[in-house]
Every structure is written in structure tokens, then in C-alpha cells.
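Participant: Take a look at the following structure, please.
Please treat every number below as a calculation from the coordinates, not as lab data. Just so we're clear, the structure is a prediction, and the values are computed from it rather than from any experiment. Quick reminder, even Gly has a Cβ in these numbers, built from the backbone with ideal geometry, and neighbours come from all protein chains shown.
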Protein chains: 2
Amino acid sequence: MQGTQETPPKPVSYTPTDRTVPTRSAQKASYYKDVVHAILDEGYVCHLGFVRDGAPVVLPTLYGRVGERLYVHGSTGSRPLRMTGEADPGLAVCLTVTHVDGLVLARSAFHHSINYRSVVVHGVAHEVTDSEERRLALDALVDQVVPGRSADSRPANKKELAATAVIRLDLDEVSAKIRTGGANDDPEDLALTHWAGVVPLRKGYDTPLDNADLAPGIEVPEYVAAL
Amino acid sequence: MQGTQETPPKPVSYTPTDRTVPTRSAQKASYYKDVVHAILDEGYVCHLGFVRDGAPVVLPTLYGRVGERLYVHGSTGSRPLRMTGEADPGLAVCLTVTHVDGLVLARSAFHHSINYRSVVVHGVAHEVTDSEERRLALDALVDQVVPGRSADSRPANKKELAATAVIRLDLDEVSAKIRTGGANDDPEDLALTHWAGVVPLRKGYDTPLDNADLAPGIEVPEYVAAL
């Protein structure tokens, strides 16, 4: 009976569903949690889709991740958050995060592509009402943009908390999609004289700019300079 | 009667609708065509939203602009494009393009934000069947990523054209949303000692990488080196 008392290893993959298995290029899909988490953690802007009056709406918004939960926040007056409150039990959403890594130039127009990493999360978003979870979520949203920043800013006060809605989307029906590498031209095109290759994209930060109303003597903190 | 024969000046703005007037921060919205076009022309990846079985789906995809028309392409087997063909008269979509320009760090967690420029297009996408419009659209899709590239690659052949669906979305119900500038802290927070300001984001290109199977002697073309 040795080992029967051991905790089974946590699942390392999300379970594929009809919605998360692509109809094309299935080899680009990944369901590994560490792959999905890494893509999510590298970003902070998602594109959140929901349905309003039968039509799709896609809005860019900030997000934060805490374990297997994603959080999105906004004014209690904004549309998706208002709809979450109205809609019981929640609002069907699709949350997508995309990083573009390179331009792929093939000899043939047809095989042009981009190298990218994306995560698509399907699910039902619920409004968060527990005050402790709301606090954790709001910290996560700030720290997703600048790690360490939530500890170095004034936390939300009662009035601000009352004006802020937080919604949660569990990481459950999730997939990543990744393209890497060079152009995949057809063999008969390899003799063409057009250049083929990849133009890598570079993302970075420029020198931080002090706010116009910053008091003298306040330096750029280390966690900002480190970006 | 002088001047009655003159062509009236073209409208320079899109007409706001219930869907394109934001419920919050209305001062960030713009309907000027030149503002919208400039944001669209700086990008090449959009997030395309559509409704499938009543639930939203948001997928990153390339787009191209020709005047007041946006084009998206894909395999005839891919979901949104298949749905466009099935759904008569078209597929309701929301196409969103977002550029993130900077991180806005306020003294208060509440006033943290990002500087961004986004365009949201609502409408009904239609499959393009006219062969000349399809050719223009496919060129625009390649040139949106690398200006000048469509003329320096092998055009799609019959087989590739048969495998490619092109859908069109007219720029009609459109808005831009723009945030610029520093952190807007409340007056009572200005004395706090937290640093406040903007961290500008920089996007760029790294040195182009030759494809592994590139024939010797083919140089990186000027329009790629110029990126």
C-alpha cells in the first residue's frame, strides 16, 4: 500500500474542449498550464469579448492573474461590468492575450505569417464581492503591469472601492497557440529570388518620465527602473 | 447660385452610435476618420470577435485596410470564415486594434492606467468573392505587415486562392479611444511620496534573420531593412 497516501500530482494541462481545439494548425495549440501562465504573465492588456444585444463586443482592458483565476476591473458604470452584475449567473466572455514576436516573410504571399504566442480563455465571468478577494485582485491588476507597484502606492479607499467592479474568470477552458520559426515555403518556391526570413520584434521601455506635478526629490523607484 | 455645383466636402468623421459612444471617459473617444485610419495603419494584428453558439469568441488575426474597408483572411476551413460563408447576410463582428504607448503610475492604486490608442469597429463581415477585390485585399494584408512586400513575393496561385477566404468589414460604425499624458491623482494625494509618472513603451524591430533555406547571395531588401 506504499504511496497510496500520497497526494496525486496536480494536473499540468487544461482539458481540451470543442472550443479550445483549433480547426486548423492544431500542432500550434498547447494546453500546458505553465505555457499558458507564462504567456499570461508576460502581458497585462487583454481583449475581452462579450455579447451585447446579440452582437460581439471586444474591448482592450487590463487583467491580473492569481493562480488559476484572472481578474478584470473597471468602473461599476462600464458596460461589461454592469452586465456581469445584471446577468445571473455571470456573463459569458472570451479573454484573449496575444504577443507578437516576429514577422515571417515567405517567398510566396500565401505563406506570410507572424510568430506569436496567444492565450484564449473561454468562460463565464462573475462579479467578485468578497472584500479580501477584491483587494487581492486589485493588487494583482497593478502588479501585473509593474511588479511590486501595489506595495508602493496608496491602496483604494472606500469611495474608490465602491466605484470599482471586479470580475473573475477561472482558467478552465483555456488554450495557448504558438508559432515560431522561419517561413515554410513550398519546395518549388525555394529557388525564387525573394528574400525570406523573420524580422524579430522587440518590446521595451523608454526612460520613465516624472509626472509634471511630482514633488522634488522623489526618485524613480528601483522596480520601475528595472523594467 | 455660385457654388451649388460644387461637390460637398467628404465627411471627416464617423457618425457616433449607441455602440460607439462609451459609457465612461467619453472625452477619450474620437470619430475622426484620420485619427481612426492612423491607428489602424500602425497595426496589423487585430482581435476579431464573433458569436458562436451564443458565446463570444475573440481571436487575434491579421488585417489590411483599403480606404474604408478592412479585410481579414484565413483558411476556408477556419471557424469565423466558415461561419461568414454560412451566415447570410454575413457575420456580426467586432474588430479591435490596440496600441499600448505607456504605463501610467499614479500615487494611488486607483488612478493607475495605461496610455493607449485603440479602434473598435462594429459591423457585419461579408465574404469577398470578386476576384479583383480578393487580390487587392490579399495584397493589402501583406503590405499592412511590411509595406512594399506584396510586390516582392510570389502572388497566390489558383490552389492557394481556393483555400483562402477573405472577409470584408466596412468602416462605418467606428470609434477610436485615446489616453495620453501623466497620472491624474487626486489633489489630496499629491503630497504622497510615491513616485508618479509614465513609463513609455518602445516597439521596434531586431535585425532580420535569413531563413535557414535561403539561397546564398540574397540580401535583405531595402523595405525590410527600413522597418
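Participant: Within a 10 angstrom radius of the beta carbon, how do B:Lys159, A:Lys177, A:Lys28 rank from fewest other beta carbons to most?
Facilitator: Result, fewest neighbours first: B:Lys159, A:Lys28, A:Lys177.
Participant: With θ set to phi - 60°, apply the Karplus curve 6.51 cos²θ - 1.76 cosθ + 1.60 along region A:89-105 and write out the HN-Hα couplings as whole Hz, x wherever there is a Gly or Pro.
Facilitator: x, x, 10, 5, 9, 9, 10, 10, 10, 10, 10, 9, 9, x, 9, 10, 9
Participant: Per residue and in Å³, how big is the convex hull formed by the alpha-carbon atoms of region A:43-161? Don't skip to the answer; put the middle values down first.
Facilitator: Numbers: hull volume 15.9 nm³, N = 119.
Hull volume normalised by residue count: 134 Å³.
Participant: May I ask which of A:Lys33/A:Lys158; A:Lys203/B:Lys177; A:Lys158/B:Lys28; A:Lys177/B:Lys28; A:Lys28/B:Lys203 have a Cα-Cα span longer than 28 Å here?
Facilitator: Violating the 28 Å Cα-Cα cut-off are A:Lys33/A:Lys158; A:Lys177/B:Lys28.
Participant: Ordered by residue, what ³J(HN,Hα) values in Hz, to whole numbers, does region A:45-59 give under the Karplus form 6.51 cos²θ - 1.76 cosθ + 1.60, where θ = phi - 60° and Gly and Pro are x?
Facilitator: For region A:45-59, the Karplus curve yields 10, 10, 10, 9, x, 8, 10, 10, 6, x, 10, x, 10, 10, 10 Hz.
Participant: Also, I was wondering about something else. Would you work out the relative contact order for region A:26-225, in percent, from Cα pairs under 8 angstrom that are 6 or more residues apart?
Facilitator: Relative contact order for region A:26-225 comes out at 27 percent.
Participant: Can you give the angle from 0 to 90° between the axis of helix B:131-145 and the longest principal axis of chain B, with both taken from C-alpha atoms, to the nearest 10?
Facilitator: Its long axis makes an angle of about 40 degrees.
Participant: Report the dimensions of the protein assembly as shown along its three principal axes from the alpha-carbon atoms, largest first, rounded to Å.
Facilitator: 96, 63, 48
Participant: Kindly state, to the nearest 0.05, the FRET efficiency for B:Thr193 paired with A:Thr129, given R0 = 35 Å and r defined as their beta-carbon distance.
Facilitator: On the way: r = 33 Å, r/R0 = 0.94.
So the FRET efficiency works out to roughly 0.60.
Participant: I would also like to ask the following. About the Cα centre of the protein assembly as shown, how large is the charge dipole given +1 on each Lys and Arg Cβ and -1 on each Asp and Glu Cβ? Please answer in debye to the nearest 20. Write out the running numbers ahead of the final one.
Facilitator: Working: 46 positive and 60 negative charges, 99 e Å.
So the magnitude is around 480 debye.
Participant: Turning to a different aspect of this structure: In deg cm²/dmol, rounded to 500, what helix-only [θ] at 222 nm does chain A give when every DSSP H run of at least 4 residues adds -39500 (n - 2.57) and the total is split over its residues? Mind dumping the intermediate values first?
Facilitator: On the way: 5 runs with 43 residues, N = 227.
Theoretical 222 nm ellipticity from helices: -5000 deg cm²/dmol.
Participant: What is the sum of charges around B:Leu190, taking Lys and Arg as +1, Asp and Glu as -1, for the other residues whose C-beta is under 10 Å from the C-beta of B:Leu190?
Facilitator: The answer is -4.
Participant: What is the P(r) of region B:152-227, as percent of Cα-Cα pairs per 10 Å bin from 0?
Facilitator: Taking every Cα pair in region B:152-227, the percentages come to 10, 18, 21, 23, 15, 9, 3.
Participant: Given H placed on each backbone N at 1.01 Å, which residues far from A:Tyr116 in sequence or on other chains put an amide H within less than 5 Å of it?
Facilitator: For A:Tyr116, whose amide H was placed from the backbone, the distant partners under 5 Å are A:Asp101, A:Arg179.
Participant: Additional query: Give me Rg over Rh for chain B, both radii from the alpha carbons and Rh done the Kirkwood way, two decimal places.
Facilitator: Radius of gyration relative to Kirkwood radius: 1.05.
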